[in-house]
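The values are calculated or read from the model by the stated rules, or taken from the named source; none is laboratory data. The shown structure was predicted, so the numbers you read here are calculated from the model rather than taken from an experiment. Cβ sites come from the backbone with ideal geometry, for glycine too, and all protein chains shown count toward neighbours.
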Amino acid sequence: MSDTDKTLFLLDGMALAYRAHFGMIRSPRMTSTGLNASVVFILTNTILGILSKSKPSHLAVVFDTPEPTHRHKRYTEYKAQRDAMPEDLSEALPYVFRLFEGFNIPVLRVPGWEADDVIGTLATTAEEEGFITYMVTPDKDYGQLVDKHTFMAKPGGSGDNLELMGISEICKKWNIERVEQVIDILGLMGDASDNIPGVPGIGEKTAQKLIGQFTSIENLLENTDQLKGKQKERVEENKDMALLSKELVTIETNVPLEVGLNDLAVKARDDDKLKPLFAELEFNTLGKRVFGDQFLVVPQLAGSGAEQGDLFTADHLKSINDVPHEYHHVDGAETRKTLIDQLKQQSRICFDIETTGLDQKTCDILGLAFSFKPRTGYYVTMPKGRANVIAVIEEFRMVLNNPGI
């Protein structure tokens, strides 16, 4: 991204966590114990992508705190309508903090200030001290902070492949001349997610047109005689609300901080903390990517008694070559009949369905797997054609619907 030796990445922690959660809500990454690991998985991809591709000299993640901010004191309805945090996301947050701890990334939280204010302060300081700064966030509000050496970086769907936005990209996106005018547009149009009212009846396109004509909210309010009809009426009736909304969307850049940029220098990761986390969350592929091919996770069922810290230990792991086994490929009518006869004699069985995806409405079934004794398994290959697949599944209905199994 840059040849400078001073490159700072600032991650908007909660915004990235929410985006990761909802980005995978239709096909979440679940562990064998039922934990939704989607957020940690996506954030891991983001961190690895930044470290490997961008090689920053400085890195930190910033989170909001529960204390009220100056915005709440200024406007009591600020963010008042927000829904409670999704349960899966709430349960994932302790793992998120363990992830950053494992990567030795400083986690910054300043009571009474939002993450964007802290990032705004750090980015402004970094600009003054000759850093190239990347604000990693999906939040459009950060456009107002973009400068010659300060960029927005929006992660792709998988968490990496950052989309960069500098001054020209921000001005083009909002159809403005200066990035500071992002504040005026946001102030006019408001923000439903933060319960910032703006001016009723003015959306993004109208706000862009008005700021294009009048350059700022203040200048607009001084020249309402140039407006007509309902628009003139709405702007004049909501002058105070327009100015308040602009104040609410303005990111502060003078937050008192107890850390300096030198405290954010990139440090080596702590494998003793990351390995158990990756093992617990069953990040096999990511684990191999980070720790090498020797990393392997054995999924554990809840209540199995296995020590989570030992899941990745080489002495604990065995491959198919180390364990006697008997696996059968069931690929025809006769072998299916034989298997069904055996399954009907069991009081309990294990089975799994192999599909092309996790969405039950769109995926295709590739096969059925059964087992009813240790180290023995049967895999039923599905024929081609939906009708043929349904016919094979119907053959197993008497087993799967048997109340005695």
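Some notes on this structure:
- Count - residues of region 215-251 that are closer than 28 Å to residue 138 by Cα and either in contact with a Gly (Cβ under 6 Å, 6 or more places away or on another chain) or of a type outside the set (Asp, Glu) (or both): 13
- Only one entry in 219, 254, 223, 262 is among the polar types (S, T, N, Q) and surrounded by 13 or more Cβ atoms within 10 Å (Cβ to Cβ), namely 219.
- Region 97-125: number of residues that are out of contact with any helix residue (DSSP H, G or I) (no Cβ under 6 Å at 6 or more places or on another chain), of a type in the set (A, V, I, L, M) and in a helix (DSSP H, G or I): 4
- Filtered residue count, region 331-383, keeping only those that are among the basic types (Lys, Arg) and more than 41 Å from the chain's Cα centre (by Cα): 3
- Only one of 187, 166, 198, 159 that is within 26 Å of residue 9 (Cβ to Cβ) and either of a type in the set (S, T, N, Q) or out of contact with any strand residue (DSSP E or B) (no Cβ under 7 Å at 6 or more places or on another chain) (or both): 159
- Checklist (1) more than 20 Å from residue 179 (Cα to Cα); (2) touching a strand residue (DSSP E or B) at 6+ places or on another chain (Cβ under 6 Å); (3) among the β-branched types (Val, Ile, Thr) applied to residue 110, failing item: (2)
- For the criterion of being modelled with pLDDT of 95 or more, assigned to a helix (DSSP H, G or I) and surrounded by 10 or more Cβ atoms within 10 Å (Cβ to Cβ), residue 273 passes.
- Here 133, 76, 65 are screened, and the one residue that is among the polar types (S, T, N, Q), surrounded by 14 or more Cβ atoms within 10 Å (Cβ to Cβ) and either more than 26 Å from residue 173 (Cα to Cα) or free of Cβ contacts under 8 Å to residues at least 12 places away in the same chain (or both) is 65.
- Within region 108-163, tally of residues that are of a type in the set (S, T, N, Q) and under 23 Å from residue 71 (Cα atoms): 5
- Unique residue being in a helix (DSSP H, G or I), of a type outside the set (S, T, N, Q) and touching a helix residue (DSSP H, G or I) at 6+ places or on another chain (Cβ under 9 Å) when the list is 64, 88: 88
- Within region 226-251, the only residue that satisfies the criterion of being loosely packed, with under 15 Cβ neighbours inside 10 Å and assigned to a loop (DSSP other than H, G, I, E, B) is 228.
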